[in-house]
1. Quick check on my filter: what residues within the stretch 20-41 are in a loop (DSSP other than H, G, I, E, B), touching a helix residue (DSSP H, G or I) at 6+ places or on another chain (Cβ under 7 Å) and surrounded by 12 or more Cβ atoms within 10 Å (Cβ to Cβ)?
2. Taking residue 53 and the conditions (1) in contact (Cβ under 8 Å) with a residue 24 or more places away in the chain; (2) surrounded by fewer than 16 Cβ atoms within 10 Å (Cβ to Cβ); (3) touching a helix residue (DSSP H, G or I) at 6+ places or on another chain (Cβ under 7 Å), which numbered condition does it fall short on, given that it satisfies the others?
């Protein structure tokens with residue numbers, strides 16, 4: 001989770017300080033990222049999201 005948070009922050013999605021916990025800020029940032037990427041919006045780091053974050 002921490003790596004996903006770091007990648008989200010690096011791409012302009014504010015999760016705050018990466019701490020490895022999937023709190024409300026992380027879920028919100030994930031939903032925004034997923035919507036922008038055109039992948040299913042779940043608010044969680046699923047396979048599609050992990051793949052998009054690693055690009």
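1. Within the stretch 20-41, the first condition is being in a loop (DSSP other than H, G, I, E, B), and the residues that meet it are 20-23, 38-41.
Narrowing further to those that are touching a helix residue (DSSP H, G or I) at 6+ places or on another chain (Cβ under 7 Å): 20, 39-41.
Answer for the stretch 20-41, where residues must be in a loop (DSSP other than H, G, I, E, B), touching a helix residue (DSSP H, G or I) at 6+ places or on another chain (Cβ under 7 Å) and surrounded by 12 or more Cβ atoms within 10 Å (Cβ to Cβ): 39, 41.
2. (2)
No lab work stands behind these numbers, since they all come straight from the coordinates. Please read all numbers here as calculations on a predicted model, not as lab measurements. Cβ atoms come from the backbone with ideal geometry, glycine included; neighbour counts cover every protein chain shown.
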